[in-house]
């Protein structure tokens, strides 16, 4: 059983690579030990956004009076919300399987193990007592939740994103350990449904690498909704429902009905025979070049396994680059200049390109342009009493290098700025485009044609 390409892992990188390879006329075998779609479709991106949309709908109904619409005593049904999420996931998984079938991709549902690589580069993979050979191997094994060595944690029944997605009963209180993207999205969901939420974060801000100014604004909005934040706090112990925090030598004990652990994810590098290939590593993942090749020319790695950008859309782009390189279609390598990041809270927050904090750290001069989202008539019409910010960051020659938005629908708008950043557009070129009116998107044109905001030093003086 010989193939042009063997792929281990059926997540966004794996199934995208399989589809593209099949379209290129290559024979493809795809191994997936769980369900097609990987973590993203089954335990991450899609199911969380399905839950968050239900919560957002509930929020909208609760605030209907702001829009002169009467909707008294709205209710939600958590088991049905979870059931709908499962239905959405099942439908999309079936869609991916159909793509694989229509493309002629052989899908093996089982645990694949690399058995070796011959002198001519041929890689042998074993699965369910069968051996498969391939001229090229693509590793897309994804990531797993990090479980830190917190005293008492392993003796406690805690949630990760997997368990939280299957909750059939609403906890009265929830302690979220980790204020990153996953933690904030679940904090948003459970807060909307009425759970008392506590968010504990070791850093001095939520949402890690996201723009600090906008992250702080989002945190302030959730604090007004009742979410309690404990920044710069380290979890030092867990005992049943009690979580002990420490900051500057002082301790705080929180008590919650449920504990959700969301301190990050790490690449899956064990369990599939990687150690037998002598692959060069980078950080906690696999080192690759711009074409996603490892130090072995016919072995590629894409997605979370590289440890570079643990985002589904990055994985998809990496897979496309890898397959194009294998098929000899292009010499264009992977670019990380404009990878958008989105947090699907309510309101949403999104960013692409450089942040002010990164530029300040590197000593790079830059220009900031920003205005309130309320400058958009459409935003005002659809977000009664709502607020947000649109911030664009330019280089000294006014090339767009960063964009950050807080306010709905930031997730849909960020790609516009991302395309401009990816193409290295100047402000005047971007501002020359005609945006339809009234749209929230035209806020980008308003910003890029506005005067620069005060410099960080000037803002500090103010």
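All of the numbers you see were taken from the coordinates with simple rules; none came from a lab. What you are looking at is a predicted structure, and each value in this text was computed from that prediction instead of being measured. Ideal geometry is used to build each Cβ from the backbone, glycine not excepted, and the neighbour counts take in all protein chains shown.
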Note to self: Using only Cα atoms and rounding to the nearest 10 degrees, what angle (0 to 90) does helix 78-103 make with the longest principal axis of the chain?
What the structure shows: 40 degrees
Check: Where both partners of a DSSP beta bridge lie in region 153-263, what percent of those bridges are antiparallel, to the nearest 5?
Finding: 45 percent
Note to self: If packing is taken as the average count of other Cβ atoms within 10 Å, what order do 301-309, 331-339 fall into, highest mean first?
What the structure shows: 301-309, 331-339
Next item on the list: Averaging sequence separations of C-alpha pairs under 8 Å and six or more residues apart, then dividing by the length of region 341-452, give the relative contact order as a whole percent.
Entry: 32 percent
Margin query: As a test, work out the antiparallel percent of DSSP beta bridges whose residues both lie in the chain, rounded to the nearest 5.
Written below: 60 percent
Next item on the list: Please tell me the relative contact order of region 255-391 in percent, rounded to the nearest whole number, where contacts are Cα pairs under 8 Å and at least six residues apart.
Entry: 13 percent
Next item on the list: Just need log10 I(q)/I(0) for the chain at q = 0.08, 0.09, 0.13, 0.14 Å⁻¹, Debye formula, equal scatterers on the alpha-carbon atoms, no solvent, rounded to two decimals.
Entry: -0.53, -0.68, -1.31, -1.41
Next item on the list: Beyond 17 Å, what share of the Cα-Cα pairs of region 153-263 is found? Please give it as a whole percent.
Entry: 50 percent
Note to self: Relative contact order of the chain, please, whole-number percent, based on alpha carbon pairs below 8 angstrom and at least 6 residues apart.
What the structure shows: 14 percent
